[in-house]
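A short worksheet on the structure shown next.
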Amino acid sequence: MTRVAAIQMVSTPEVDGNLATARRLVGEAAAAGATLVALPEYWPIMGMQDLDKVGHAEQLGSGPIQDCMAALAREHGIWLIGGTLPLVSGEPGRVLNTTLVYDPQGALVTRYDKIHLFGFNKGEESYDEARTIVPGTSVGVVDAPFGRVGLSVCYDLRFPELYRAMGECALIVVPAAFTHTTGRAHWEVLLRARAIENQCYVLAAARAACTPMAAALSGTACWSTPGRGAGRAAGRRGRGHGPARRGLSRRRPREPAGLASSEDVNRQRECGLRMADFAGTPVSAFRGRCDPDGYGTMPASTRDTNAK
């Protein structure tokens, strides 16, 4: 059995403070037996405006954020899915929104640049990631001792073709910062859909809100099984950082005991962990097929501008 953990964080504009929070939560997850830990999207920096992350962009292989993640993986002997961080791109004023994966020795083993960029416009609520982010072009997977892990980020969740292009996975991870508006409507059901249609487990690390710019992030780190259930992060209600953990023993898909009973995190203000055990193998041989060679550069027309 493999124990995995998804971290939910309330990030701030202060990178040093976010690094300290990540160190604490990753340490708690490792102490509870997790061998793979996933951080949420843009956990190191939640700026007051979109351009703030550009100023914190790092070159691949160098910088305090990457140094922190490598050290955490090495210190705790875990596989670390590093949420996302801004990496320098070839375009001024725009960054890559990148997931870096570290092995238990702290070595960088792969990267994934977020492909699908979110656009949303509903009255006063408006987002356009393409203004400050360059889209990725390649599907991301990593082979770990417990099976293949598929990499995706937030808005990628709305594109099932991406997950079919990963091939057969034991686990899919989804670091995210879903908005409250769209997360309340679609976050958990889309996670369940990706788990069911690909017959694998889905681990989703989420970022909750803190700054005025992110006053309506969804939060809710989740664990979805190939069966019929999904578990949310559990934690004490209230303001500020509240560590939370709940272990799940993996059962047959028709018996998802323990999933429905988990408490809800205060989505706007809470930090915590979502932990679960799984066997690391697909539940059945029922799988669709996709030609991964057909999944490359994504044109602008693939971006759904109505929902995330």
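Structure notes:
- Here the gap between Gln49 and Ser62, fully extended at 0.36 nm per residue and compared with their Cα-Cα distance, gives a gain of 2.3 nm.
- Linear extension gain, Thr137 paired with Ala20, 0.36 nm per residue minus alpha-carbon span: 38.9 nm
- A simple spin-label model places the labels of Ala32 and Ala107 3.0 nm from each other, with each point 7 Å out along Cα-to-Cβ.
- With all protein chains kept in place, the per residue accessible area of region 19-149 amounts to 38 square angstrom at a probe of 1.4 angstrom.
- The share of accessible area on region 1-83 that comes from carbon and sulfur is 51 percent, using a 1.4 angstrom probe.
- For region 33-45, 3J(HN,Hα) computed residue by residue from phi via the Karplus equation (6.51, -1.76, 1.60; θ = phi - 60°) reads x, 5, 9, 9, 10, 10, 8, x, 4, 6, 4, x, 8 Hz, glycine and proline entered as x.
- Amide H contacts under 5 Å for Gly33, placed H, 5+ residues apart: none
- Cα-based shape type of region 50-174, given that a ≥ b ≥ c are square roots of the gyration tensor eigenvalues and the cut on a/c is 1.5: oblate
The values are calculated or read from the model by the stated rules, or taken from the named source; none is laboratory data. Bear in mind the structure is a predicted one, so any value in this text is a computation, not a measurement. A quick note on method: Cβ atoms are made from the backbone with ideal geometry, for glycine too, and the neighbour counts reach across all protein chains shown. Calculation scope for accessible area: heavy atoms of the full protein, side chains included, ligands and nucleic acids excluded. Shrake-Rupley method; radii C 1.70, N 1.55, O 1.52, S 1.80 Å.
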